[in-house]
Amino acid sequence: MANQVGRNSQAQERLSQVSNHLSGASSRKGKQALLEKHPDDIVVTCALRTAITKGGKGGFKDTQAADLLHGAFKALIQRSGIDPSLVEDIAVGAVLAPGGGATEFRAAALAAGFPVTSSCKSLNRQCSSGLQACVDIANAIKAGMIEVGIGAGAETMSLQYGPQAVTEFSELLEEHKLAADCKVPMGVLSEAMAKDKGIPRAAQDAFAAASFQKAVEAQKKGLFDEEIAPLTVKWTDPKTDEEKTITVSRDDGVREGITAESLGKIRPAFAKDGSIHAGNASQISDGAAAVLLMKRSTAERLGQTIVGKFVQASVVGVAPLLMGVGPAAAIPVVLDKTGLSKDDVDIFEINEAFASQCLFCIKELGLDEKKINPKGGAIAFGHPLGVTGARQVSTLLTELKRTGQRIGITSMCVGTGMGMAAVWVAE
């Protein structure tokens with residue numbers, strides 16, 4: 001009996017120690033706590049992307065999403081030096097692929113050199129799909145389900161964008177006001193939101209022009225080179241119909257000479273008296289991205305170079321017709337979860353779905369515009385829907401490292417009325 005009591009006491013003490021450890025880990029908040037290094041940190045050892053190219057016109061216009069993903073996978077294996085057999089799960093964000101892309105993405109993983117033991121799934125949370133893929137993998141590692149995984153995104157808007165990507169609503173959904181709002185085209189609802197929130201066209205055009213100008217400067221300085229993995233593909237010349245083999249290593253949507261004045265001459269796209277047009281909204285694009293994640297202790301054991309760590313994420317719902325305010329709703333939640341203030345954040349990568357919604361979020365949160373998308377954003381180089389959330393990780397971490405800064409947030413609005421955000425720390 002005494003032995004049993006002793007064993008029970010020891011067991012309770014061990015449980016108490018575990019509980020204290022877990023509560024200590026979960027209570028580490030604030031800037032200084034986030035900058036500390038712990039064995040159970042979820043770290044990034046490689047984050048890269050393909051170039052992003054113009055939908056229907058650019059270098060990837062004839063390339064399937066799975067082939068783009070295959071290229072990103074091959075580059076990630078080569079750059080990181082990871083043994084593919086150690087990768088236990090892969091999550092791929094995609095929005096337009098029939099069947100979610102599940103079959104061809106698994107095939108792309110196998111073709112890239114991952115063994116049959118590396119599982120793969122696709123997922124769709126619309127414009128945040130790439131980020132959700134990274135978060136799913138990070139959470140699986142935190143939970144002990146896997147040790148090493150990849151969060152990724154792949155999209156060919158050239159080949160799959162269009163009305164066929166949206167399912168017809170049933171009578172039940174059509175008759176429910178909020179439910180029916182979910183199918184309102186994003187351009188139309190963004191136009192309405194810009195009017196409702198008082199975001200003038202001049203401000204939108206100035207923001208868009210700045211995005212192009214920052215991207216042009218960054219491209220000239222080679223600031224995207226580290227994050228981009230060149231990819232060789234087949235490309236059909238639209239003028240001659242000749243098939244060529246080309247290597248794509250630059251974002252081809254980036255254009256020089258864009259000013260607020262030149263954008264001011266473009267006709268509105270969604271209303272005669274509107275403010276939104278092709279020049280101040282994100283580009284239709286193609287591309288892929290991949291992020292390799294594991295615990296710090298695992299990375300050190302494997303000799304992997306740590307480039308940053310994932311800290312926390314938030315996902316929230318907003319009214320479907322106010323889809324664009326998503327980052328303004330999600331960012332405060334993730335700041336609260338991590339004990340950070342907005343001033344603790346060095347760089348905000350906020351997806352530029354539309355200049356109008358991005359401007360609203362910046363003003364609503366009182367953010368320093370100099371911290372927003374320092375190398376430009378989706379207006380300048382594109383928004384392949386399922387890719388952006390994973391693409392932002394490489395863009396953010398390379399810029400934090402280059403500038404000697406540490407803390408960043410990635411965020412985006414999400415179709416049907418959601419917002420998502422995540423905190424990352426550069427090593």
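The values are calculated or read from the model by the stated rules, or taken from the named source; none is laboratory data. These numbers come from a predicted model, not from an experiment. Positions of Cβ are backbone-derived with ideal geometry, glycine not excepted, and every protein chain shown enters the neighbour counts. The accessibility values were calculated without ligands, DNA or RNA, using every heavy atom of the protein model including side chains. Shrake-Rupley method; radii C 1.70, N 1.55, O 1.52, S 1.80 Å.
Yes or no, residue by residue, for (1) among the acidic types (Asp, Glu); (2) at pLDDT 95 or above; (3) closer than 22 Å to ILE228 by Cβ:
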site	(1), (2), (3)
LYS31	no, yes, no
ALA51	no, yes, yes
GLY58	no, yes, yes
ASP67	yes, yes, yes
LYS74	no, yes, yes
ILE77	no, yes, yes
SER80	no, yes, yes
What is the one condition in (1) in contact (Cβ under 8 Å) with a residue 60 or more places away in the chain; (2) touching a Phe, Trp or Tyr at 6+ places or on another chain (Cβ under 9 Å) that LYS342 does not satisfy? (1)
Between residues in the range 177-190 that are over 14 Å from CYS413 (Cβ atoms) and surrounded by fewer than 16 Cβ atoms within 10 Å (Cβ to Cβ) and residues that are modelled with pLDDT under 95 and among the aromatic types (Phe, Trp, Tyr), which pairs lie under 7 Å by C-beta distance while being six or more apart or on different chains? VAL188/PHE270
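Just checking, how many residues over the range 155-175 are under 22 Å from the mean Cα position of the chain (by Cα), over 20 Å from PRO238 (Cα atoms), in a loop (DSSP other than H, G, I, E, B) and not hydrophobic (A, V, I, L, M, F, W, C)? Let's see the steps before the verdict.
Step one: of the range 155-175, the residues under 22 Å from the mean Cα position of the chain (by Cα) are 155-162, 165-166.
Those still in the list that are over 20 Å from PRO238 (Cα atoms) too: 155, 162, 165-166.
Subsequent filtering for residues that are in a loop (DSSP other than H, G, I, E, B) retains 162, 166.
Now narrow it down to the ones that are not hydrophobic (A, V, I, L, M, F, W, C): 162.
Total meeting the criteria: 1.
Which helices (runs of 4 or more DSSP H) does the range 306-403 wholly contain that include 2 or more residues that are touching a strand residue (DSSP E or B) at 6+ places or on another chain (Cβ under 7 Å)? Please lay out each step first, then the result.
On the way: elements: 326-338, 355-365, 378-381, 388-403.
Where helices (runs of 4 or more DSSP H) fall fully within the range 306-403 and carry at least 2 residues being touching a strand residue (DSSP E or B) at 6+ places or on another chain (Cβ under 7 Å), they are 326-338, 355-365, 388-403.
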If you scan the range 94-133, which residues turn out to be crowded, with 21+ Cβ neighbours inside 10 Å, in a helix (DSSP H, G or I) and charged (D, E, K, R)? GLU104
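If I ask for residues that are open to solvent by less than 30 Å² (accessible area, probe 1.4 Å) and free of Cβ contacts under 8 Å to residues at least 40 places away in the same chain, which ones from the range 220-237 would you list?
Of everything in the range 220-237, those that are open to solvent by less than 30 Å² (accessible area, probe 1.4 Å) and free of Cβ contacts under 8 Å to residues at least 40 places away in the same chain turn out to be GLY222, ASP237.
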Answer residue from the range 238-289, given it is among the acidic types (Asp, Glu) and within 23 Å of the chain's Cα centre (by Cα) and is most open to solvent (accessible area, probe 1.4 Å) among those: ASP252
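Does ASP89 count as within 28 Å of PHE381 (Cα to Cα), charged (D, E, K, R) and either open to solvent by less than 10 Å² (accessible area, probe 1.4 Å) or out of contact with any Leu (no Cβ under 7 Å at 6 or more places or on another chain) (or both)?
Details: within 28 Å of PHE381 (Cα to Cα): no; charged (D, E, K, R): yes; either open to solvent by less than 10 Å² (accessible area, probe 1.4 Å) or out of contact with any Leu (no Cβ under 7 Å at 6 or more places or on another chain) (or both): yes.
No; evaluated as a whole, the condition is false for this residue.
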Limited to the range 388-409, what total is found for residues that are polar (S, T, N, Q) and either in contact with a Gly (Cβ under 7 Å, 6 or more places away or on another chain) or open to solvent by 10 Å² or more (accessible area, probe 1.4 Å) (or both)? 4
